[in-house]
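Below: one structure, written as structure tokens.
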Amino acid sequence: MIPYATLFALLCLFWVLLSGYFTPFLLTAGAASAFAVVWLSHRMGLLETSRPGLKHGVGLVGYGIWLLAEVVR
């Protein structure tokens, strides 16, 4: 239960940080989106393992570097 609550809280925080608006509609839409992502993650079994593999972290860092280079270009 803890990984799901943590994921939900992080997604809601990410939504608020990127949005910057605090209207009831946008906060509700953000919470609904975060809930949908947590529910789909549960259905796909993505949070069943205790720790994500190193492969995912390396791929994420590589993607971030590529994305930053594309934005600068």
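Tabulated data
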quantity: Total residues in region 8-30, condition small (Gly, Ala, Ser), under 19 Å from residue 42 (Cα atoms) and surrounded by fewer than 15 Cβ atoms within 10 Å (Cβ to Cβ); calculated: 1
quantity: Selection within region 19-30 - in a helix (DSSP H, G or I) and over 12 Å from the mean Cα position of the chain (by Cα); calculated: 19, 24, 25, 26, 27, 28, 29
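Matching residues to (1) at pLDDT 90 or above; (2) of a type outside the set (Lys, Arg); (3) on the phi > 0 side of the Ramachandran plot:
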| site | (1), (2), (3) |
| --- | --- |
| 13 | yes, yes, no |
| 17 | yes, yes, no |
| 29 | yes, yes, no |
| 41 | no, yes, no |
| 56 | no, yes, no |
| 60 | no, yes, no |
| 73 | yes, no, no |
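The values are calculated or read from the model by the stated rules, or taken from the named source; none is laboratory data. Here the structure is a predicted model, which means the values were calculated and not measured. Heads up, the Cβs are rebuilt from the backbone with ideal geometry, glycines too, and the neighbour counts pull from every protein chain shown.
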